[in-house]
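Each remark here refers to the structure printed beneath this line.
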Amino acid sequence: MSISKSLLQRGIALAKMGKWDDARLVLTAVIEEESENKTAWQWYMKTFQTNGERAEACRRWLQYEPFNLTARAEMKKAANRLKADGFLRHRLGAGFLLTEM
């Protein structure tokens, strides 16, 4: 088994355990070795907790593979979530939608 494949499996396992920072470090090593590794990029993006961080990860992925359809779709999702988050923050800040959940 190649080192990159072994690292990828380790990174995925860490992500599945919720060890986001550790998983991100391992997956970063895979991406640096194999920038076209779609699986590594997809798991790498999952290690980020905010939509802004995910959007930044998508931007980095698109720098390596500008025509990757998966990366473009993930970027669109992240951008849409950011827009929705901004809308809700704006409304909450203005005193709207203040109900208990």
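Read-outs throughout are calculated quantities, based only on the coordinates presented, and are distinct from any laboratory measurement. Quick caveat: nothing in here was measured; it's all calculated off a predicted structure. Note: ideal-geometry Cβ built from the backbone for every residue, glycine included; neighbour counts use all protein chains shown.
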Task: Relative intensity, log₁₀ I(q)/I(0), of segment 3-93 from a Debye sum that treats every alpha carbon as a point, q = 0.16, 0.24 Å⁻¹ - done: -0.63, -1.13
Open item on the list: Relative contact order of segment 20-91, please, whole-number percent, based on alpha carbon pairs below 8 angstrom and at least 6 residues apart.
Closed with: 25 percent
Task: Lys/Arg +1, Asp/Glu -1 at C-beta; segment 3-93 dipole; positive extreme among 3, 20, 49 - done: 49
